[in-house]
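Asks: What follows is a single structure, and I will ask about it in a moment.
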Amino acid sequence: MRRALELAATPGVPLGPNPRVGCVVLAPDGTTLVEGYHRGAGTAHAEAAAIATAQEQGIDLTGATAVVTLEPCNHTGRTGPCAQALIAAKVARVVFAQSDPNPEAAGGAETLRAAGVDVEHGLMAAESQELNRVWSFALAHQRPFVTWKFATTLDGRSAAADGTSKWITSRAARLDTHRLRGLADTMLVGTNTVEVDDPQLTVRDPDDQPLADQPLRAVMGLRDLPARSRIFDGTAGTTHLRTHEPAEALAQLFAKERRHVFLEGGPTLAAAFWKAGLVDEVIVYVAPVLLGAGRNAVDDLGIQTITDAAHLRVTDVAVIEADGEDTCVRLTLTTHGTPLRGLATHEED
């Protein structure tokens, strides 16, 4: 199973609506016959990839054991059901880590058992769930997982009193942000951010060049967007979510098979998502800078007293630095288990 998890985590797999899955097929004596992993939406699932390799190499899988990181799917989508493919390959046993949380695809274990295949599950389930934590969350909650990212000075400012904000953090921190953008399938901002900052909202390399695989660029708000905006430059897909309601925006994105939203909008949009209880992870870049005045990094959250303060759990702390530049501290926090008070508010448009 550890090898199957390694295969599932193979770098370079495009993010999208599907989970990351690895498969190792073992002979009755325990030796490895073939391996496979899922390479993204529309490609063969891990089990099907392993079976195809066996067929190409003339390897008989009769009586073999398939070790898979996720329950074999039981439905026909872009590809056929893996449970049926394993039955057709005449494997004798299937061991999988995590049960499939997708109701449309679940049920593979029952199908396999009904065909006389020995099935076991739960081996290294926690590791599989962590690998697909965003996807699993999205399927369980029927909405994308939301990561809210912002940068702030030590005194909680996102811009100086005259409105200037470029750059609060160092180049090293900005490059790290691009790395994290690449872990999501959607970038989300509000119409005001597009009009004022005109961001490109792409994932770029150290030479400031867009990468081949890009998240969807989503803009939330009712106003029409300027046609000259860089989000329409063709380097990535773009969608305009004509709503002020965070829940509605996420519903629209989920319907587009988006599973991980990277929220980089301004303080007002961020506050609206927070008040709606729709922030799952917070990533903060804290620069060693003091302004003393200027725009707050986040707008009013509706918290009136210290006893109502929202307490987040820190899951990671890293110092981002580069030679000759200011250092920056990146904090990763989770809101899970933290009560989020209030209702959704409208972004000022």
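The values are calculated or read from the model by the stated rules, or taken from the named source; none is laboratory data. Since the model is a prediction, treat every value here as computed from it, not as a measurement. We place every Cβ from the backbone using ideal geometry, glycine too, and count neighbours over all the protein chains shown. Note: accessible area is taken over every heavy atom of the protein model, side chains too, but ligands, DNA and RNA are not part of it. Shrake-Rupley method; radii C 1.70, N 1.55, O 1.52, S 1.80 Å.
Asks: When all C-alpha to C-alpha distances in segment 16-101 are sorted into bins of 5 Å, what percent of pairs does each bin hold, rounded to whole numbers?
Replies: Bin by bin from 0 Å, the calculated values are 3, 16, 29, 28, 15, 6, 2, 0.
Asks: Counting only protein heavy atoms and using a 1.4 Å probe, what share of the accessible area of the chain belongs to carbon plus sulfur, as a whole percent?
Replies: 50 percent
Asks: Give, as a single signed number, the net charge of other residues whose beta carbon lies under 15 Å from the beta carbon of Leu33, with Lys and Arg counted +1 and Asp and Glu -1.
Replies: Residues close to Leu33 contribute a combined charge of -2.
Asks: Then there's this: Placing +1 at every Lys and Arg Cβ and -1 at every Asp and Glu Cβ, with all other atoms neutral, what dipole size does the chain have around its Cα centre, in debye to the nearest 20?
Replies: Dipole size: approximately 320 debye.
Asks: Based on Cα coordinates alone, diagonalise the gyration tensor for segment 107-235, multiply each eigenvalue by 5, take square roots, and list the semi-axes in whole Å, largest first.
Replies: Working from the Cα gyration tensor, I get semi-axes of 40, 18, 15 Å.
Asks: What accessible area per residue, rounded to a whole number of Å², is obtained for segment 110-173 using a probe radius of 1.4 Å?
Replies: Counting only protein heavy atoms, the per-residue value for segment 110-173 is 50 Å².
Asks: Got a sec to turn the phi values of segment 109-120 into Karplus ³J(HN,Hα) couplings, 6.51 cos²θ - 1.76 cosθ + 1.60 with θ = phi - 60°, whole Hz, x for Gly and Pro?
Replies: 4, 5, 4, 5, 4, 4, 8, x, 8, 6, 10, 10
Asks: Once you have the Cα-Cα distance between His141 and Thr334, take 0.36 nm times their residue separation minus that, and quote the gain in nm to one decimal.
Replies: Extra length available between His141 and Thr334 comes to 67.9 nm.
Asks: List the residues, sorted by chain then number, that are 5 or more residues from Leu216 or on another chain and whose placed amide H is less than 5 Å from its amide H.
Replies: Thr186, Met187
Asks: Helix 46-57 sits at what angle to the longest principal axis of the chain, using alpha carbons and giving 0 to 90 degrees rounded to 10?
Replies: So the helix axis and the longest Cα principal axis differ by about 50 degrees.
Asks: Here is a follow-up. Probe of 1.4 angstrom, ligands and nucleic acids ignored: what's the accessible area per residue over segment 6-79, in square angstrom?
Replies: 43 Å²
Asks: So what's segment 117-191 giving for Cα Rg divided by 2.2 N^0.38 Å, two decimals?
Replies: So segment 117-191 has a normalised radius of gyration of 1.66.
Asks: Send over a whole-number figure in Å² for the accessible area per residue of segment 192-345, probe 1.4 Å.
Replies: Per residue, segment 192-345 has an accessible area of 50 Å².
Asks: Sticking with the crude label model, points 7 Å out along Cα→Cβ, report the distance from Ala106 to Arg242 in nm, one decimal please.
Replies: Placing both labels 7 Å beyond Cα along the Cβ direction yields 3.7 nm.
Asks: Under the rule a/c < 1.5 gives rounded, and otherwise a/b versus b/c splits prolate from oblate, where does segment 64-160 land using the Cα gyration tensor?
Replies: Taking the square roots of the gyration eigenvalues as a ≥ b ≥ c, segment 64-160 is prolate.
Asks: Using label points projected 7 Å from each Cα along Cα→Cβ, tell me how many nm separate Asp213 and Glu120, to one decimal.
Replies: Taking the simple label geometry, Asp213 and Glu120 are separated by 3.2 nm.
Asks: Another question about this same structure. Would you please classify the overall shape of segment 160-284 from the alpha carbon gyration tensor, given that a ≥ b ≥ c denote the square roots of the eigenvalues, rounded means a/c under 1.5, and beyond that prolate means a/b larger than b/c while oblate covers the rest?
Replies: rounded
Asks: May I ask which residue of Phe145, Pro103, Met124 lies farthest towards the positive end of the charge dipole of segment 100-160, with charges of +1 (Lys, Arg) and -1 (Asp, Glu) on Cβ and the Cα centre as origin?
Replies: So the residue we want is Phe145.
Asks: Let me ask something else about it. Taking 0.36 nm per intervening residue step and subtracting the Cα-Cα distance, what contour gain separates Glu321 from Asp300 on full extension?
Replies: Full-extension gain reported as 4.5 nm.
Asks: Please give the FRET efficiency for Ala92 paired with Arg133, using the beta carbon to beta carbon distance and R0 = 30 Å, rounded to the nearest 0.05.
Replies: So the FRET efficiency works out to roughly 0.40.
Asks: Okay, next question. Extension gain Ala27-Asp233, at 0.36 nm per residue separation less the Cα-Cα distance, in nm?
Replies: That works out to 69.0 nm of additional length.
Asks: Between rounded, prolate and oblate, where does segment 59-104 land on the alpha carbon gyration tensor, with a ≥ b ≥ c its root eigenvalues, rounded for a/c under 1.5, else prolate if a/b exceeds b/c?
Replies: In terms of gyration-tensor shape, oblate.
Asks: Using only Cα atoms and rounding to the nearest 10 degrees, what angle (0 to 90) does helix 246-255 make with the longest principal axis of the chain?
Replies: Tilt of helix 246-255: around 30 degrees.
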